[in-house]
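**Student:** Sharing a structure, written as structure tokens. Questions coming.
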Amino acid sequence: MSFIYAMSDMHGHFKILKETLQIIDLSSDNENKLIFCGDYIGYGADSYKTLNLVKELTCSYPGQVYALTGNHEHMFLEFLSSTPNDIWNYEWLRADKELDTVRSFISNETINKILNLKIKCINEYTYFIKISKVIKDDILKRHADLIKWLKKLPYFHETQKQIFVHAGIDEEAGEYWKWGSENYYFCSKYPHSFGKFDKDIVAGHIGTCSIANNANYHSVFCDKQSHYYIDGSTVISGCIPVLKYDTDLDVYTSFEKKITNDNVNEWHEYVIK
């Protein structure tokens with residue numbers, strides 16, 4: 001009996017990721033697998049540590065742990081490769097609230113440099129354009145191996161039963177989805193899809209609260225046909241949902257925290273129906 005685990009959209013929440021990894025069993029059976037479905041960075045304060053941990057796990061468990069690329073990784077790489085006057089420098093940095101993502105990657109020396117530049121610049125646009133080069137030079141120098149690894153991440157992972165992906169695929173392409181799906185579908189497909197497909201599609205990207213039309217819903221969402229959505233909007237919920245698949249029993253489960261009589265938090269597994 002082996003298991004396939006999947007999680008997605010941790011968005012720089014390193015401590016929550018570390019806690020959630022306690023659920024994952026990769027040691028008892030080398031056939032057990034963990035699929036990370038993208039969006040390791042953005043929003044949280046520990047994007048670098050989160051991304052680096054995912055990389056370390058893929059290296060420590062080759063053939064067991066897989067990491068896919070999400071739209072936030074894609075946008076980050078576009079920023080790093082953009083030309084000095086490309087407006088994307090401004091757009092990406094402006095979207096990085098308080099520069100939380102950037103700060104997690106750069107040195108204190110570089111932080112001081114960009115703070116000094118802020119004093120000298122007359123407007124936000126000029127400021128972001130000027131600091132973009134300083135930031136990119138630092139990241140590309142200090143994290144060359146990490147960025148090289150990030151560039152090689154695939155868009156999907158396929159098993160006999162599932163297609164794991166960050167956002168989705170072009171389902172109208174049917175059996176030719178690998179060739180019919182543009183990169184947009186894999187990383188940024190919106191809105192979500194419901195219905196029957198040849199394989200189960202496991203995706204993140206869109207918060208399950210939106211899919212369930214319930215602001216308080218942050219668990220794995222299943223359409224009871226072929227779709228499993230696992231983005232629990234961690235920035236809101238403080239949790240990272242885990243989908244677990246039993247390859248022998250052909251059963252999907254997930255986990256929730258419950259407080260025991262001793263006031264201790266414990267993970268409880270439940271069947272997704």
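**Student:** Quick test of your reading of the structure: Lys152 fulfils all but one of (1) within 20 Å of Phe36 (Cβ to Cβ); (2) surrounded by 13 or more Cβ atoms within 10 Å (Cβ to Cβ). Name the failing condition by number.
**Tutor:** Against the list (1) within 20 Å of Phe36 (Cβ to Cβ); (2) surrounded by 13 or more Cβ atoms within 10 Å (Cβ to Cβ), Lys152 comes up short only on (2).
**Student:** Oh, and also: Return the residue satisfying two criteria in turn: it lies in the range 71-119 and is of a type in the set (Ser, Thr, Tyr) and out of contact with any Phe, Trp or Tyr (no Cβ under 9 Å at 6 or more places or on another chain), and of such residues it is surrounded by the fewest Cβ atoms within 10 Å (Cβ to Cβ).
**Tutor:** Thr83
**Student:** Quick check: is even one residue across the range 12-22 within 26 Å of Lys141 (Cβ to Cβ), outside the structural domain of Lys189 (by TED's automatic domain parsing), touching a Gly at 6+ places or on another chain (Cβ under 9 Å) and not in a helix (DSSP H, G or I)?
**Tutor:** For the range 12-22, residues within 26 Å of Lys141 (Cβ to Cβ), outside the structural domain of Lys189 (by TED's automatic domain parsing), touching a Gly at 6+ places or on another chain (Cβ under 9 Å) and not in a helix (DSSP H, G or I): absent.
**Student:** If you don't mind, there's one more thing I want to ask. How many residues, within the range 6-43, are buried (at least 18 other Cβ atoms within 10 Å of the Cβ) and of a type in the set (D, E, K, R)?
**Tutor:** 3
**Student:** Counting only residues that are at pLDDT below 95, of a type in the set (Asp, Glu) and either closer than 23 Å to Asp46 by Cα or under 26 Å from the mean Cα position of the chain (by Cα) (or both), how many does the range 97-139 have?
**Tutor:** 1
**Student:** Right, here's the next one. Looking at the range 75-103, I want the residues that are of a type in the set (S, T, N, Q) and have a partner that is in a helix (DSSP H, G or I) with Cβ atoms under 7 Å, at least 6 apart or on another chain. Which pairs are those?
**Tutor:** If the second residue must be in a helix (DSSP H, G or I), the pairs left are Ser82/Trp88; Ser82/Asn89; Asn85/Ile129; Asn89/Phe79; Asn89/Phe128; Asn89/Ile129; Asn89/Ser132; Thr101/Ser47.
**Student:** Right, another one. Name every residue in the range 86-133 that is among the small types (Gly, Ala, Ser) and assigned to a helix (DSSP H, G or I), in order of residue number. Spell out how you get there, then give the answer.
**Tutor:** Of the residues in the range 86-133, the ones among the small types (Gly, Ala, Ser) are 95, 104, 107, 132.
Result: Ala95, Ser104, Ser132.
**Student:** Assess whether Ser233 counts as being under 24 Å from Lys18 (Cα atoms), free of Cβ contacts under 8 Å to residues at least 60 places away in the same chain and assigned by TED's automatic domain parsing to the domain that holds Tyr48. Before the answer, list the steps.
**Tutor:** Values: under 24 Å from Lys18 (Cα atoms): yes; free of Cβ contacts under 8 Å to residues at least 60 places away in the same chain: no; assigned by TED's automatic domain parsing to the domain that holds Tyr48: yes.
For Ser233, the condition - under 24 Å from Lys18 (Cα atoms), free of Cβ contacts under 8 Å to residues at least 60 places away in the same chain and assigned by TED's automatic domain parsing to the domain that holds Tyr48 - is not met.
**Student:** Can you tell me how many residues in the range 241-268 are in a strand (DSSP E or B), modelled with pLDDT under 95 and not hydrophobic (A, V, I, L, M, F, W, C)?
**Tutor:** Looking only at that region, the number is 6.
One line per residue, one yes/no per condition, for (1) closer than 24 Å to Lys273 by Cβ; (2) in a helix (DSSP H, G or I); (3) in the same structural domain as Thr50 (by TED's automatic domain parsing):
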{"position": "Ile169", "(1), (2), (3)": "no, no, yes"}
{"position": "Trp177", "(1), (2), (3)": "no, yes, yes"}
{"position": "Lys196", "(1), (2), (3)": "yes, no, yes"}
{"position": "Gly204", "(1), (2), (3)": "yes, no, yes"}
{"position": "Lys224", "(1), (2), (3)": "yes, no, yes"}
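**Student:** Right, here's the next one. Any chance the range 210-225 includes a residue that's under 26 Å from Ile169 (Cβ atoms), more than 22 Å from the chain's Cα centre (by Cα) and β-branched (Val, Ile, Thr)?
**Tutor:** no
**Student:** Can you name the condition, by its number, that Ile169 falls short on among (1) buried (at least 17 other Cβ atoms within 10 Å of the Cβ); (2) closer than 16 Å to Tyr40 by Cβ; (3) more than 14 Å from the chain's Cα centre (by Cα)?
**Tutor:** Looking at each condition in turn, Ile169 falls short on (2).
**Student:** Taking the range 55-85 on its own, how many of its residues are at negative phi, of a type in the set (Gly, Ala, Ser) and in a loop (DSSP other than H, G, I, E, B)?
**Tutor:** 2
The values are calculated or read from the model by the stated rules, or taken from the named source; none is laboratory data. Note that the structure is a prediction, hence the values are computed from the model and not measured. Quick reminder, even Gly has a Cβ in these numbers, built from the backbone with ideal geometry, and neighbours come from all protein chains shown.
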